[in-house]
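The values are calculated or read from the model by the stated rules, or taken from the named source; none is laboratory data. Predicted model, so just to flag it, every value in this text is computed and none were measured. Note that each Cβ is placed from the backbone with ideal geometry, even for glycine, and that neighbours are counted across all protein chains shown.
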Amino acid sequence: MTIRKILVVDDSKTERVALSDLLNKNGFVVATAENADDALSSLAKEKPDLILMDVVMPGGNGFQLTRTLSRDPQFSSIPIIICSSKNLETDRVWGLRQGARDYVVKPVNGPDLIAKIQALG
């Protein structure tokens, strides 16, 4: 599977813009969502090839949404990379147990994130 379209789910406008700029400069098409509800609305319209998921958001958190999506046959084939400021090993392990394929700590190292995305594609 070639990854072209990425959904960035993050409540921080600064993070959404920074990640979108990085991804756009590397040839990806980016959609954004501010929270879990926005992400679900976006997914209902169009399925991305990858989701970059923040953890700490108002409403449902990224761990919950990752678990929901990874267990839903309609969305379980979409890889999720958690992208969070939560940097404890227990957070990383928990995120992977919820169904994420990888876990990246903010601030994001651009080349590392692009390499992780390419490795999934």
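Brief remarks on what is shown
- If you go through region 9-22 and keep only what is surrounded by fewer than 13 Cβ atoms within 10 Å (Cβ to Cβ) and either closer than 13 Å to Leu50 by Cβ or at pLDDT below 95 (or both), you end up with nothing.
- Within region 23-38, residues that are at pLDDT 95 or above have Cβ atoms under 7 Å from residues that are surrounded by fewer than 14 Cβ atoms within 10 Å (Cβ to Cβ) in these pairs: Phe28/Arg4; Val29/Arg4; Val30/Asn24; Asn35/Pro58; Asn35/Gly59; Ala36/Gly59; Asp37/Gly59, counting only partners at least 6 apart in sequence or on another chain.
- Filtered residue count, region 93-103, keeping only those that are free of Cβ contacts under 8 Å to residues at least 24 places away in the same chain and either closer than 12 Å to Ile81 by Cβ or in contact with a Pro (Cβ under 8 Å, 6 or more places away or on another chain) (or both): 4
- Per-region count, region 6-19, residues within 14 Å of Pro111 (Cα to Cα) and in contact with a strand residue (DSSP E or B) (Cβ under 8 Å, 6 or more places away or on another chain): 1
- In region 39-80, residue surrounded by the fewest Cβ atoms within 10 Å (Cβ to Cβ) [restricted to those that are farther than 19 Å from Phe28 by Cβ and of a type in the set (Gly, Ala, Ser)]: Ala44
- In region 39-53, residue nearest to Asp10 (Cα to Cα) [restricted to those that are free of Cβ contacts under 8 Å to residues at least 40 places away in the same chain and in contact with a helix residue (DSSP H, G or I) (Cβ under 9 Å, 6 or more places away or on another chain)]: Ala39
- Complete set of residues in region 84-106 that are within 11 Å of Leu52 (Cβ to Cβ) and in contact with a Phe, Trp or Tyr (Cβ under 8 Å, 6 or more places away or on another chain): Ser84
- Enumeration of residues in region 59-94 that are over 23 Å from Ser41 (Cβ atoms) and of a type outside the set (Asp, Glu): Ser85, Lys86, Asn87, Leu88, Thr90, Arg92, Val93, Trp94
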